[in-house]
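Heads up: the structure comes next, in structure tokens.
The values are calculated or read from the model by the stated rules, or taken from the named source; none is laboratory data. This one's a predicted model, so the numbers in the text were calculated from it and none came from an experiment. For neighbour counting, all protein chains shown are included, and Cβ atoms are generated from backbone atoms with ideal geometry for every residue, glycine included.
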Amino acid sequence: MSVAKRSLRMLGMHAKSVVDQFDENVKPVVASAPVQCGSKVPCNGCCRQLVTVSLSEAAMIVDKCRSVALLVKDKLERNNQAITKLGSVRTDDPASLREQLDDIARRYWALQLPCAFLADDGTCRIYAHRPLACRAYYSMDDPAACYDLNTDRHVRGLNLEEEEALARGAMMHAERSLMREGSPVLLSPLSTMVSILLSRMF
């Protein structure tokens, strides 16, 4: 196995330990909150959002769920094509970066494309290895709100920003330690990052 592939697998294993620890850390908070996730079956309204992941998370998914990723390769490509059509972000204008990303996310949501890993029965094919963004998304709103196409309406969610930031920081620290000095540590769309690593890890 090449050094690059070994490093990616190491990142994937580290990411799995980080997200598992995140789940443990937020258990008491989730248990004490009026969380509505799961009260509607299937509960997958949020599985049509534009989810971004780190290199570590994508490596975790490809390493542990490779057969599933290959099975849904066409769906990954479908979502990638949709993302490409939405346009790119202008990095020369950092002040508007958040606004640009939010605009792309809103337009992607309007397309109502299901996550490539969402099975026909409405369940997640990679639930045990799902990204941090999915684990941190807990709705305290009426389940019907998660299917609302009104992009100006925000679902009332559980605030886990601090716990998510700590977990994200741990993964990015590991990435920086294995990457060349000066290499950027970025978040990319789930389908894009998984598609890239499918060809690089195997």
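Take the conditions (1) of a type in the set (D, E, K, R); (2) touching a Ser or Thr at 6+ places or on another chain (Cβ under 9 Å); (3) modelled with pLDDT of 95 or more; ARG130 misses just one of them, which is (2).
If you scan the range 114-132, which residues turn out to be within 15 Å of THR52 (Cβ to Cβ) and out of contact with any Asp or Glu (no Cβ under 8 Å at 6 or more places or on another chain)? Let's see the steps before the verdict.
Step one: filter the range 114-132 for residues within 15 Å of THR52 (Cβ to Cβ), giving 115-117, 130-132.
Of everything in the range 114-132, those that are within 15 Å of THR52 (Cβ to Cβ) and out of contact with any Asp or Glu (no Cβ under 8 Å at 6 or more places or on another chain) turn out to be CYS115, ALA116, PHE117, ARG130.
Kindly indicate which of ALA59, ALA15, ALA4, ALA95 is in contact with an Asp or Glu (Cβ under 7 Å, 6 or more places away or on another chain) and over 29 Å from TYR147 (Cα atoms).
On the way: ALA59 fails: in contact with an Asp or Glu (Cβ under 7 Å, 6 or more places away or on another chain); ALA4 fails: in contact with an Asp or Glu (Cβ under 7 Å, 6 or more places away or on another chain); ALA95 fails: in contact with an Asp or Glu (Cβ under 7 Å, 6 or more places away or on another chain).
Going through ALA59, ALA15, ALA4, ALA95 in turn, the sole match is ALA15.
Figure legend. Inter-residue proximity from the range 179-192: first residues outside any strand (DSSP E or B), second residues at pLDDT 85 or above and of a type in the set (Gly, Ala, Ser), beta-carbon distance below 7 Å, spacing 6+ or different chains. Indicated pairs: LEU187/SER54; SER191/ALA116.
Restricted to the range 1-24, and to residues there that are among the charged types (D, E, K, R) and closer than 18 Å to MET201 by Cβ, the residue that is modelled with the lowest pLDDT is LYS5.
The residue of the range 42-74 that is surrounded by the fewest Cβ atoms within 10 Å (Cβ to Cβ), among those that are over 14 Å from HIS129 (Cβ atoms) and free of Cβ contacts under 8 Å to residues at least 60 places away in the same chain, is ASP74.
Quick grid of which residues meet (1) at pLDDT below 95; (2) aromatic (Phe, Trp, Tyr):
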residue: LYS73; (1), (2): no, no
residue: ASP103; (1), (2): yes, no
residue: PHE117; (1), (2): no, yes
residue: GLY122; (1), (2): yes, no
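Going by the conditions given, is LEU50 within 27 Å of ALA174 (Cα to Cα), within 16 Å of the chain's Cα centre (by Cα) and not in a helix (DSSP H, G or I)? Criteria met by LEU50.
Quick one: which residue in ARG107, ARG78, ARG98 is on the phi < 0 side of the Ramachandran plot, in a helix (DSSP H, G or I), surrounded by fewer than 20 Cβ atoms within 10 Å (Cβ to Cβ) and touching a residue at least 24 places away in the same chain (Cβ under 8 Å)? Give the derivation first.
Numbers: ARG107 fails: touching a residue at least 24 places away in the same chain (Cβ under 8 Å); ARG98 fails: touching a residue at least 24 places away in the same chain (Cβ under 8 Å).
Just one listed residue meets the conditions, ARG78.
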